[in-house]
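Contents: one structure, followed by commentary.
Please treat every number below as a calculation from the coordinates, not as lab data. As the structure is a prediction and not an experimental result, all values here were calculated from the model. Neighbour counts run over all protein chains shown; Cβ positions are idealised from the backbone, glycine included.
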Amino acid sequence: MHVNRPGRPPLAALILTALAFSATQASAFDDAFETTRAYSPPQQDEGFHFLVREGLTSGGDGISNITLPDGSKREISAGGINQIGLGARYQAGFVSLALSVNYHYDYDYYQEDNASFRRVPLEALAYIELPGNVRLGGGMRYSYSARATSTLNGVAERIDFKNTRGSVVEIGYHVRPYGWVDLRYVRETYEVESYTSSGPPPPQPVDTPYNGSHVGLFVTFEN
């Protein structure tokens with residue numbers, strides 16, 4: 001299960017496509033949303049806002065691979081691949097603070113084989129609003145209950161990781177009036193706490209830290 005090698009390539013193609021789509025469609029989105037709720041600049045929309053966010057992430061070391069009949073592999077990485085979260089943001093002038101609890105996971109399967117990596121990150125971020133509906137943000141991320149599990153060729157394995165602290169930087173565009181599209185980078189490392197397996201001992205050490213750093217493209221909806 002422990003392969004400790006680079007994970008999926010960054011989401012460069014997806015991010016470029018999404019940014020191009022945003023650039024051409026942002027005005028249409030804004031006009032459509034504004035028919036149901038009057039627009040106000042972010043710095044004028046002060047107070048608390050409930051938020052829901054979802055994103056795609058990529059990066060980090062590979063944790064396990066599911067091999068397909070044609071010899072290709074599906075990789076579970078320490079930086080992938082879906083994250084959902086709930087939280088709140090407080091706006092005061094051009095500055096805001098956001099707290100959220102998230103569920104970040106990577107999962108795949110083929111027939112009887114399956115593998116996953118799951119964790120629960122808590123994030124505390126600060127933002128500053130810039131002209132042009134743009135914001136810059138950064139802060140801390142603390143990931144709890146990180147674990148990787150797999151059943152490959154009849155062998156069940158599990159790695160539990162220590163809680164870890166990481167850092168986050170973001171740049172976002174305000175799709176008025178309901179939310180944001182954010183591009184982010186997270187830097188974090190996962191250290192092994194325990195390892196169990198129903199098969200023979202692995203050929204490589206299981207206590208080598210995993211690089212979980214990744215990039216992500218997120219959509220955040222707010223009230």
ask   = Each residue of the stretch 49-65 in turn: what ³J(HN,Hα) in whole Hz from Karplus with 6.51, -1.76, 1.60 and θ = phi - 60°, glycine and Pro shown as x?
value = 9, 6, 10, 10, 9, 8, x, 10, 10, 8, x, x, 6, x, 9, 8, 10
request  = Report the label-to-label distance for Val101 and Arg74 in nanometres (one decimal), using points 7 Å from each Cα along the Cα→Cβ vector.
outcome  = 3.0 nm
ask   = Over the stretch 99-163, what is the mean sequence separation of C-alpha contacts under 8 Å (at least six apart), divided by residue count, expressed as relative contact order in percent?
value = 30 percent
request  = Please tell me the relative contact order of the stretch 138-223 in percent, rounded to the nearest whole number, where contacts are Cα pairs under 8 Å and at least six residues apart.
outcome  = 29 percent
task = Give, as a single signed number, the net charge of other residues whose beta carbon lies under 10 Å from the beta carbon of Asp182, with Lys and Arg counted +1 and Asp and Glu -1.
result = +2
